[in-house]
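The values are calculated or read from the model by the stated rules, or taken from the named source; none is laboratory data. None of the values given here were measured: they were computed from a predicted structure. Because the Cβ atoms are built from the backbone with ideal geometry, glycine has one as well, and the counts that use them run over all protein chains shown.
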Amino acid sequence: MRNPEQVMSDLERIFREQYPDAFFLNADEPDSLERHLKAVEWISADEKIMGIGHPGEGNMNLVLRVRTNQQTLILKQARPWVEKYPQIAAPVKRVEAEAKYYLLHRHHPNLKKHTPTPLGYDAENFLLALEDLGENADFLRHYQRGSVIKQDELTVLINYLSLLHNTDFGAEGRSFPDNTELRTLNHEHIFKYPYAIDNGFDLDTIQEGLQNASMAFKSDHALIARVDELGSVYLGSGPCLLHGDYYPGSWLSTEDGIRIIDPEFAHFGRPEFDVGVMLGHMKMTQMPNDTLKAMTDGYQRPNGFDDDLAVAFCGVEILRRIIGLAQLPLDLTLEERRDLLEQGRNMILKPIECGLPR
Ligand SMILES: Nc1ncnc2c1ncn2[C@@H]1O[C@H](COP(=O)(O)OP(=O)(O)OP(=O)(O)O)[C@@H](O)[C@H]1O
Ligand SMILES: [Mg+2]
C-alpha cells in the first residue's frame, strides 16, 4: 500500500494510467519490491529483504539501499518527474544513458575501477541496480571554507576525465543514446533560466543582496547572446563520451579510493564541457590558483580540444550555480559571489584573456 500521506502528483497519475503494469519503487513496500527483484533475478529465490534505506541526498531520482540477508545493493529509478519536485516533468530515458555509461566502462579496467559495477538494468521499469559503495561522504563538503580537496584526489579526478575523453568506445560508443530530452531540460537550467528576469526565483532567499547583484547579468545582452551560442554547442554532439555532471556531488570518497557516480547526463559531446564544469566547481570551492593550474596541466587534452571553450563553459557553470535554481551549499559572502560572477562573465566574453589556469 502507498503511504496515504503521499499525494500522487498529476504526472504520476497520468503515467500510472499509461503504464498500468509499471513497477514503482517504494521504500514502504518491501514485499512487492522483493517479488520484483526476484522476477528480474537480481536476488535469488531464497533471499529476503531485511531493510530499505536512503543512501544519500538525491533530487532527480528515487535512490534506495536495499539490504537482504545476503547482500546490499543500490536501486535507482528514474520516474517521469523530478523526485524532489514531483510536478516537474523529467524524461525517464535518462536511466538508459546512466546504465549504458557504466556498461561502456566494462572493457576499460582503468575507468571501470572508478565506478560502481552495474548489477542489473530493467529498461521497462527505468530501474538500475548498482554495487553498493558503502556509506561514504561525497565531495560537497569541500565547498565549506577551509575544507580542501587534496592534490592526490584531484589527480585521480582529472586522470579519470582524461581517460574518459581519450577512450575510443568503438561501435558501442557510436550507438550511445543522445540523451537529448534530459540535455534539453539541463540546457534550460544552465543556459536560460538563470538569465530570465521573471523566473520567479528570489535570490535573496539564498543570500540577501544576491537578487540585486544578479540583475547586472540578467540584463547583459552581449553575455546572454554568447551564453545562447554556448548552449547550442552543449546541445550539439561531439567526439567524446562525457560524464555530463562532473562536479563534487558525483564524487564519493570510499575506503578504496574515489568513485564516480550519477552519469545520467552522459552523452557524446564536447569534452570542454566536463572540464569547464569541473573547473567552475573547483573555483567555487575557493581552490587556490596553483592547485587549479596543477589540475588543468594534468588534463590530457584530446585532439581538437579548445581551451577557450572550456573556459567559457566554466564561466557558464559558475553563473548558473550562483544565480540559477540548482544551488549548492556554497560558503561564500555576497562579495565573493559577486567576484565569481564577474570572473564568470569575463570567462564567457573574453576566454582568451582569462585562459585556463597555467
Ligand atoms: N552505488 C552507490 N553506492 C553508495 N551510495 C550511493 C551509490 N549511488 C548513489 N549513492 C548515494 O545516493 C545519493 C544519490 O544518488 P545519485 O546522485 O545517483 O541520485 P540522483 O537522484 O541522480 O541525484 P541528483 O539529483 O543529485 O542528480 C548519492 O549522493 C550517494 O550518496
Ligand atoms: Mg543525478
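Residues being part of a loop (DSSP other than H, G, I, E, B) and either within 16 Å of ligand 1 (Cβ to nearest atom) or within 17 Å of Pro263 (Cα to Cα) (or both) are entirely absent from the range 29-40. Here is a check on your reading of the model: is Pro263 part of a loop (DSSP other than H, G, I, E, B), away from ligand 2 (no atom under 16 Å from the Cβ) and either more than 21 Å from the chain's Cα centre (by Cα) or in contact (Cβ under 8 Å) with a residue 24 or more places away in the chain (or both)? Against the criterion (part of a loop (DSSP other than H, G, I, E, B), away from ligand 2 (no atom under 16 Å from the Cβ) and either more than 21 Å from the chain's Cα centre (by Cα) or in contact (Cβ under 8 Å) with a residue 24 or more places away in the chain (or both)), Pro263 does not qualify.
Restricted to the range 148-198, the set of helices (runs of 4 or more DSSP H) holding at least 2 residues that are modelled with pLDDT of 95 or more and surrounded by 15 or more Cβ atoms within 10 Å (Cβ to Cβ) comprises 151-166, 180-187. On inspection, Arg94 does not qualify as surrounded by fewer than 17 Cβ atoms within 10 Å (Cβ to Cβ) and touching a helix residue (DSSP H, G or I) at 6+ places or on another chain (Cβ under 9 Å). Scanning the range 315-350 for residues that are of a type outside the set (A, V, I, L, M, F, W, C), in contact with a helix residue (DSSP H, G or I) (Cβ under 8 Å, 6 or more places away or on another chain) and in a helix (DSSP H, G or I) yields Gly315, Glu317, Arg320, Arg321, Arg337, Arg338, Gln343, Gly344, Arg345, Asn346. Whether a residue is away from ligand 2 (no atom under 16 Å from the Cβ) and in a helix (DSSP H, G or I) was assessed, and Gly249 does not pass this test.
Within the range 130-142, being more than 16 Å from ligand 2 (Cβ to nearest atom) and either closer than 19 Å to Ile43 by Cβ or surrounded by fewer than 18 Cβ atoms within 10 Å (Cβ to Cβ) (or both) holds for Glu131, Asp132, Gly134, Glu135, Asn136, Ala137, Arg141. If you scan the range 237-283, which residues turn out to be within 11 Å of ligand 1 (Cβ to nearest atom) and either closer than 21 Å to Asn303 by Cα or aromatic (Phe, Trp, Tyr) (or both)? Within the range 237-283, Gly244, Tyr247, Trp251, Phe265 qualify.
Being modelled with pLDDT under 95 and surrounded by fewer than 19 Cβ atoms within 10 Å (Cβ to Cβ) holds for only one residue in Lys84, Lys112, and it is Lys84.
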